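Notes for the one structure printed next.
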Amino acid sequence: MKRRKTTECQICGREYDRKVKFSRHHVLPKRYFKGNGKVEEICRDCHDELEFIIKKQECKDNKRTKLTAKEYHVIFVLYKASKGG
Ligand SMILES: [Zn+2]
């Protein structure tokens, strides 16, 4: 039987091993969308950077505000493109 689990980051393409940690990113943040929407399997490094970008986009007048679902998708797609994915 073949394992169906993804073995590489969907953004930077690195394979998971002891150095590259696997993680799951909810394109639509769980805190706003309760786990709905796409889940992408990406490495910890990409995940941290992506969360940082999202946080910056959400911050208006020092408060975090919810963006639209479309905006979260755009952030993901642009980030992925910036990494050549
Ligand atoms: Zn990655």
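Values quoted throughout were computed directly from the atomic coordinates according to the rules given, and no laboratory measurement underlies them. Remember, it's a predicted structure, so these values are computed and weren't measured experimentally. Neighbour counts run over all protein chains shown; Cβ positions are idealised from the backbone, glycine included.
In nm, to one decimal, how far is the modelled label at E51 from the one at K83, with both set 7 Å along Cα→Cβ? Those two pseudo-labels are separated by 1.4 nm.
Placing unit charges on the Cβ atoms only, positive for Lys and Arg and negative for Asp and Glu, gives the stretch 7-84 a dipole magnitude near 360 debye about its Cα centre. Helix 44-58 and the long axis of the chain differ in direction by around 10°, with both axes built from C-alpha atoms.
Coordinate range of the alpha-carbon atoms in the chain per principal axis, descending: 49, 24, 21 Å. Taking the chain as a Gaussian network of alpha-carbon nodes connected by springs under 10 Å, the highest mean-square fluctuation of the residues D17, D48, D61 belongs to D61.
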